[in-house]
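Only one structure is covered here, and it is reproduced in the block below.
The values are calculated or read from the model by the stated rules, or taken from the named source; none is laboratory data. For clarity, every value in this text was computed on a predicted model and none was experimentally measured. We place every Cβ from the backbone using ideal geometry, glycine too, and count neighbours over all the protein chains shown.
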Amino acid sequence: MTIYNFEVTNDEGIPYTLNKYEGKLLLIVNTATKCGLAGQFNELEELYKNYHEKGFEILGFPSDQFKQELSSGTEAAEACRLTYGVSFPMHELVKVNGENAHPLFKYLTEETKGILGSKVKWNFTKFLVDRNGNVVKRFAPTDKPSKFESEIAKYL
């Protein structure tokens with residue numbers, strides 16, 4: 001099983017399967033616009049612009065599980081675009097932990113356990129997925145995207 005088996009819904013409410021990204025290097029991030037780490041949107045966008053042409057995609061998944069997000073994925077995506085200039089794909093509001101976690105995040109967390117076991121510790125946990133759909137790395141919320149740019153370059 002790979003991430004290509006999962007269906008997600010974009011911020012406009014349109015469902016699709018992640019097989020759309022086969023052959024791409026992905027960084028999947030749980031985001032929150034009211035989080036103290038929201039400044040990472042700027043670095044994420046910079047990475048996206050620098051590597052998108054080489055087959056790199058960032059997928060943002062807003063989550064209010066830590067009570068730091070707007071009331072819908074549409075509002076969160078709009079805030080990301082207006083406030084931080086985000087141009088990478090954003091998605092519906094999801095849960096990232098617990099019984100009601102989105103199946104994609106259940107899979108991501110099982111594939112790469114963090115400090116709290118399989119749970120997502122906080123907003124801006126980042127998962128790197130290789131071009132074959134395998135989760136290869138997990139980055140902590142406080143890991144700034146510029147810190148792991150070399151990892152992205154290595155997999156491209």
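Close contacts from the range 43-57, counting a first residue that is closer than 15 Å to Pro89 by Cα and touching a residue at least 12 places away in the same chain (Cβ under 8 Å) and a second that is outside any helix (DSSP H, G or I) and among the β-branched types (Val, Ile, Thr), with Cβ to Cβ under 8 Å and a gap of 6+ residues or different chains, come to Leu44/Val29; Leu44/Ile58; Leu44/Val86; Glu45/Val86; Leu47/Ile58; Tyr48/Ile58. Tallying residues that are at pLDDT below 95 and either out of contact with any Asp or Glu (no Cβ under 7 Å at 6 or more places or on another chain) or closer than 11 Å to Ile152 by Cβ (or both) within the range 51-68 yields 7.
Note on the range 127-156: residues that are of a type in the set (D, E, K, R) and touching a Phe, Trp or Tyr at 6+ places or on another chain (Cβ under 6 Å) amount to 2. No other residue among Gly114, Gly133 is of a type in the set (Gly, Ala, Ser) and modelled with pLDDT under 90 apart from Gly114.
Filtering the range 118-151 to residues that are in contact with a helix residue (DSSP H, G or I) (Cβ under 6 Å, 6 or more places away or on another chain), within 20 Å of Tyr21 (Cβ to Cβ) and crowded, with 19+ Cβ neighbours inside 10 Å leaves Phe127, Val129, Gly133, Val135, Phe139, Pro145.
Note on the range 69-91: among residues that are in a loop (DSSP other than H, G, I, E, B), at pLDDT 90 or above and not hydroxyl-bearing (Ser, Thr, Tyr), the one that is surrounded by the most Cβ atoms within 10 Å (Cβ to Cβ) is Phe88. Restricting attention to the range 5-43 and to residues that are assigned to a helix (DSSP H, G or I) and at pLDDT below 95, the residue that is farthest from Thr109 (Cα to Cα) turns out to be Asn42.
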